[in-house]
1. Using the charge dipole of the chain (Lys, Arg: +1 at Cβ; Asp, Glu: -1 at Cβ; taken about the Cα centre), state which of GLY142, MET182, GLY14 has its Cα farthest towards the positive end.
2. Antiparallel as a % of all DSSP beta bridges within the chain, to the nearest 5?
3. Step through the residues of the range 137-146 one at a time and calculate ³J(HN,Hα) from phi using the Karplus curve (6.51 cos²θ - 1.76 cosθ + 1.60, θ = phi - 60°), rounding each to whole Hz and writing x for Gly and Pro.
4. Which whole-number percent gives the relative contact order of the range 1-79, counting Cα pairs below 8 Å spaced six or more residues apart?
5. Is it possible to state the helix-based mean residue ellipticity at 222 nm for the chain, with each DSSP H run of 4+ residues giving -39500 (n - 2.57), the sum divided by total residues, to the nearest 500 deg cm²/dmol? What is it?
6. Counting only the backbone N, which residues of the range 1-43 are under 15 Å from the spot 7 Å out from the Cα of SER56 toward its beta-carbon?
7. Please quote Rg/Rh for the range 188-238 to two decimal places, taking the Kirkwood radius as Rh and restricting both calculations to Cα atoms.
8. How far apart, in nm, are the 7 Å Cα→Cβ label points at SER237 and THR67?
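Where a number appears in this text, it was derived from the coordinates with a stated rule and is not lab data. Predicted model only: the values in this text are computed from it and were never measured. All Cβ positions, glycine included, derive from the backbone under ideal geometry; neighbour counts span all protein chains shown.
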Amino acid sequence: MILLEHLSFTYPKGTTVFQDFTWKVGRGEAWAVLGPSGCGKTTLLYLLAGLRFPTSGKIFIDERPLTRPRPHTGLILQDYGLLPWATVRKNAELGLQIRSFYGPDGKHAPDNFQLATNVDPWLERLGLGPVQDQFPHKISGGQRQRTAIARTLALQPDLLLMDEPFSSLDAPTREGLQNLTMELWQEQNLTLVLVTHAIEEAAVLGQKILLLGHPPNSSTVIFDNLGAARPSFRDTSEYIALTRHLRKKMEER
């Protein structure tokens with residue numbers, strides 16, 4: 001589904017993050033992008049979202065060059081991106097309202113966009129019904145993150161990009177949302193790319209793990225992790241061994 005072909009990216013001040021970097025993601029795969037701060041994880045995510053553009057090389061999604069944000073890509077940010085003056089319901093409806101304004105033009109909304117779509121099933125699925133009339137500052141961090149997830153999934157994406165979405169949450173809430181993410185990935189047949197600096201989170205959520213090092217990144221270091229979708233994987237010796245191996249490889253990078 002995703003192909004980065006000989007991609008290079010350099011910031012205006014001269015920092016080269018990627019250099020002749022090639023990477024492929026298959027449809028329906030769940031990837032965790034792991035690495036230390038400053039290695040280019042978020043830059044990679046913004047490139048995939050069409051919010052930044054390569055200095056050279058190309059990005060293809062579904063065999064089409066990526067030249068702008070695409071309607072079928074969902075992006076969930078670390079700070080949730082909620083409007084503080086809007087209720088949970090209004091925040092969840094925001095993407096649909098924007099699409100309704102533009103209509104099914106194939107650029108801002110898919111050609112087959114249905115104006116009748118609503119967020120009610122997602123508010124119910126994510127347990128937000130009881131707080132749907134509350135404002136973001138009145139609800140918990142986990143509920144704010146679920147509101148951001150509801151807003152994104154209501155748009156029926158086929159590619160879901162997540163930028164360290166659980167890093168500010170307490171451990172029990174974070175674990176619950178990690179499990180929910182894997183459930184939604186399987187239920188909705190999503191292609192998932194999640195950025196994290198936490199080794200344990202990458203081991204839980206990444207069916208495949210891309211390890212980035214200090215820039216410039218010019219080669220891919222990839223770990224297969226088929227246990228990611230397995231219930232209670234984090235309680236197994238296989239999980240512990242993987243986290244130790246990833247920690248060692250991060251230190252080497």
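1. GLY14
2. Details: 17 of 36 bridges.
Approximately 45 percent, going by the DSSP bridge assignments.
3. My calculation for the range 137-146 gives 6, 9, 10, 6, x, x, 5, 5, 5, 5 Hz in order.
4. Values: 114 pairs, mean separation 28.4, N = 79.
Answer for the range 1-79 is 36 percent.
5. On the way: 7 runs with 82 residues, N = 253.
That comes out to -10000 deg cm²/dmol.
6. It comes to 5-11, 16-22, nothing else.
7. Numbers: Rg = 12.2 Å, Rh = 12.2 Å.
Ratio of gyration radius to Kirkwood radius: 1.00.
8. Roughly 5.5 nm, to one decimal.
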